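Peer 1: So that we are looking at the same thing, I have put the structure below in structure tokens.
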Amino acid sequence: VQLQASGGGLVQAGGSLRLSCAASGRSFSSYAMGWFRQAPGKEREFVAAISRSGNTYYADSVKGRVTISRDNVKNTVYLQMNSLKPEDTAVYSCAPGFVDLGPPVGVKTIGYWGQGTLVTVSS
């Protein structure tokens, strides 16, 4: 089972990026999918989640600036990020699991993690 994130890069503040996370080896259509990020020297944090039925959930820090979506046929989850800020700089990765409404909202992952993609936002 592999989860491969892509689409990161260097972008100026205010810019946009679209991240993708493709799963191979098994289908995760029966799970929620979450995006997480880990900035240098910080713990991993929840960014966004999408349930099996397409309900979406966002961390307060990104609400209104990011949109999560999924394509179960392609076994891929996406994260459209707009109005990027320097504090969004982090390695972004995805993982399957179950939505936890908390509060705060998050995802209880099931142990599958892939390589992330680095997003660097310059000021």
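Peer 1: If every alpha-carbon in the chain counts as one equal scatterer, what log10 I(q)/I(0) does Debye give at q = 0.10, 0.17, 0.23 1/Å?
Peer 2: -0.26, -0.77, -1.42
Peer 1: Still on this structure, please answer the following. Give the accessible surface of the chain per residue, rounded to a whole number of Å², with probe radius 1.4 Å and ligands, DNA and RNA excluded.
Peer 2: That works out to 52 Å² for each residue.
Peer 1: Suppose each label sits 7 Å from its Cα in the direction of the beta carbon; what would the residue 12-residue 87 distance come out to in nanometres?
Peer 2: 2.2
Peer 1: Taking a spot 7 Å from the Cα of residue 55 along the direction of its beta carbon, which residues of the stretch 100-122 have an amide N less than 18 Å from it?
Peer 2: 100-109
Peer 1: Lys/Arg Cβ at +1, Asp/Glu Cβ at -1, dipole of the stretch 26-107 taken about the Cα centre: which of 89, 105, 49 is farthest positive-ward?
Peer 2: Of the candidates, 49 comes out farthest on the positive side.
Peer 1: Can you give the FRET efficiency for residue 44 and residue 80, using 1/(1 + (r/R0)^6), R0 = 25 Å, r = Cβ-Cβ distance, to the nearest 0.05?
Peer 2: 0.75
Peer 1: How would you order 111-117, 101-107 from highest to lowest mean count of nearby Cβ atoms within 10 Å?
Peer 2: Ranking the peptides 111-117, 101-107 by packing returns 111-117, 101-107.
Peer 1: Here is a further query. Considering only protein heavy atoms and a 1.4 Å probe, what is the carbon-and-sulfur percentage of the accessible area of the chain?
Peer 2: 47
Peer 1: Right, another one. So, counting K/R as plus one and D/E as minus one, what does the shell of residues with Cβ under 14 Å around residue 114 add up to?
Peer 2: +3
Peer 1: Just how large is the dipole of the stretch 1-63 about the Cα centre, in debye to the nearest 20, putting +1 at every Lys and Arg Cβ and -1 at every Asp and Glu Cβ?
Peer 2: In total the dipole reaches around 120 debye.
Peer 1: Let me ask something else about it. Report the calculated FRET efficiency for residue 24 and residue 123 (r = Cβ-Cβ distance, R0 = 41 Å), to the nearest 0.05.
Peer 2: 0.65
Peer 1: OK, next. Kindly work out what percent of the DSSP beta bridges joining two residues of the chain are antiparallel, to the nearest 5.
Peer 2: Antiparallel: roughly 90 percent of the beta bridges in the chain.
Peer 1: Please turn the phi angles of the stretch 99-104 into ³J(HN,Hα) values with the Karplus equation 6.51 cos²θ - 1.76 cosθ + 1.60 (θ = phi - 60°), one per residue in order, whole Hz, x for glycine and proline.
Peer 2: 5, 10, 6, x, x, x
The values are calculated or read from the model by the stated rules, or taken from the named source; none is laboratory data. Predicted, not measured: the structure shown is a model, and the values here were computed from it. Virtual Cβ from ideal backbone geometry, glycine too; neighbours counted across all protein chains shown. Side chains included, ligands, DNA and RNA excluded: accessible areas come from the protein's heavy atoms. Shrake-Rupley method; radii C 1.70, N 1.55, O 1.52, S 1.80 Å.
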